[in-house]
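Undergrad: This is the structure, below, for whatever I ask next.
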Amino acid sequence: MDDLAIETRIGLPQHLRILAERYPRGEWSGHTNFNELTRFWLDRHLMFRELQAKLGEEAQQFLDGKLEAPTYGNRLYRYASMFINNLHGHHQIEDAHYFPMLVAHERRLQQGFEMLDADHHALHDLLETMTGETNAALSAIMENRSATDPVGTLEKTICQFGIFLDRHLSDEEELVVPVILEYGIRE
C-alpha cells in the first residue's frame with residue numbers, strides 16, 4: 001500500500017480509475033444520477049479547502065505583521081475549530097457509512113476505499129498536530145507572549161496539511177462520484 005500513501009501519491013492510481021475514466025469530472029453535475037446529496041458532499045469538500053486556505057493566509061498575514069494578535073487569535077480559534085471538528089465528523093461518516101456502502105456497489109474499487117481510509121488516519125494524525133500547534137499559538141496570544149514562533153510552526157503544518165488534504169479530496173471525489181453516477185445511489 002506504500003505506492004498508495006498520501007505522502008507520496010501524485011494522483012488516483014490508474015488501476016483505480018475504472019469509473020473515473022467513464023465519468024470525467026467536468027460532466028458530473030449534468031449526469032442524471034448526480035443528486036443534491038452528492039452536491040452537498042462536494043460543497044463540504046470545497047468548504048474544507050477554503051478553510052484550510054484561510055487558515056494559511058491568516059497565519060501568513062499575522063507573521064507579516066498585517067494582523068494584530070487579538071484579531072488573529074479570534075479568527076484562528078473560530079476557523080481552526082470549524083475546520084478540525086467538521087473534518088473529523090466528515091471522515092467518521094465516510095468511514096462508517098458511505099465507504100462500506102460504495103464498496104458494496106463496486107467491489108473492484110475496494111483497494112481505493114482502503115486507501116481513502118488510510119488517508120483519513122494520516123490526516124487525523126496531522127489534525128492532532130495542528131490542534132496542538134493551534135493551542136500553543138492561542139496560548140501565546142492570550143498570555144501576551146510573542147506568538148511568532150508558534151504561529152510560524154503552525155503555518156508550516158497548515159501548508160503541509162493543505163497539500164495532503166487536496167490530494168485526498170481530489171482522489172476521493174474521483175472514486176466516490178463515479179460510483180454514485182454509475183449505480184444511481186441516493187442515500
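A short reminder: the numbers here are calculations on the coordinates, not readings from a lab. If you're wondering where the values come from, they're calculated on a predicted model, not measured in any experiment. Here the Cβ is made from the backbone with ideal geometry for all residues, glycine too, and neighbour counts use every protein chain on show.
Undergrad: Count the net charge of all other residues whose Cβ sits under 9 Å from the Cβ of Ile6, scoring Lys and Arg as +1 and Asp and Glu as -1.
TA: -1
Undergrad: Nearest 10 degrees is fine. How inclined is helix 110-142 to the longest principal axis of the chain, computing both from alpha carbons?
TA: Taking the Cα atoms of the chain, the angle to 110-142 is about 10 degrees.
Undergrad: If you don't mind, another one. Please turn the phi angles of segment 159-171 into ³J(HN,Hα) values with the Karplus equation 6.51 cos²θ - 1.76 cosθ + 1.60 (θ = phi - 60°), one per residue in order, whole Hz, x for glycine and proline.
TA: 5, 4, 4, x, 4, 5, 4, 5, 4, 4, 5, 4, 5
Undergrad: Going 7 Å from the Cα of Met142 toward and past its Cβ, which residues in segment 50-76 have a backbone nitrogen under 18 Å from where you end up?
TA: 69-76
Undergrad: Only four residue types carry charge here, +1 at the Cβ of Lys and Arg and -1 at the Cβ of Asp and Glu. Report the dipole size of the chain about the Cα centre in Debye, rounded to the nearest 20.
TA: About 380 debye.
Undergrad: Shape of the chain from its Cα gyration tensor (a ≥ b ≥ c, root eigenvalues): rounded if a/c is under 1.5, otherwise prolate when a/b > b/c, or oblate? If you can, show how the numbers build up before the last one.
TA: Working: a/c = 2.60, a/b = 2.18, b/c = 1.19.
Prolate is the answer for the chain, as a/c is 1.5 or above and a/b outweighs b/c.
Undergrad: Further question on the same structure: Before anything else, pin down the relative contact order of the chain: Cα pairs under 8 Å, at least 6 apart, normalised by residue count, whole percent. All intermediate terms of the calculation are to be shown ahead of the outcome.
TA: Details: 157 pairs, mean separation 80.4, N = 187.
In percent, rounded to a whole number, it is 43.
Undergrad: For Ala104 and Ile10, compute 0.36 nm times the residue count separating them, minus their Cα-Cα distance, and round to one decimal in nm. Write out the running numbers ahead of the final one.
TA: On the way: separation 94, 0.36 × 94 = 33.84 nm, distance 2.66 nm.
This chain segment gains 31.2 nm when fully extended.
Undergrad: Here is a further query. When the chain is fully extended, how far beyond the present Cα-Cα distance does Gln92 get from Asp64, taking 0.36 nm per residue of separation? Working shown, then result.
TA: Details: separation 28, 0.36 × 28 = 10.08 nm, distance 3.63 nm.
Net length gain for the segment: 6.4 nm.
Undergrad: Another question, then. Any idea what angle helix 36-63 forms with the longest principal axis of the chain, computed on alpha-carbon atoms, 0 to 90 degrees, nearest 10?
TA: 20 degrees
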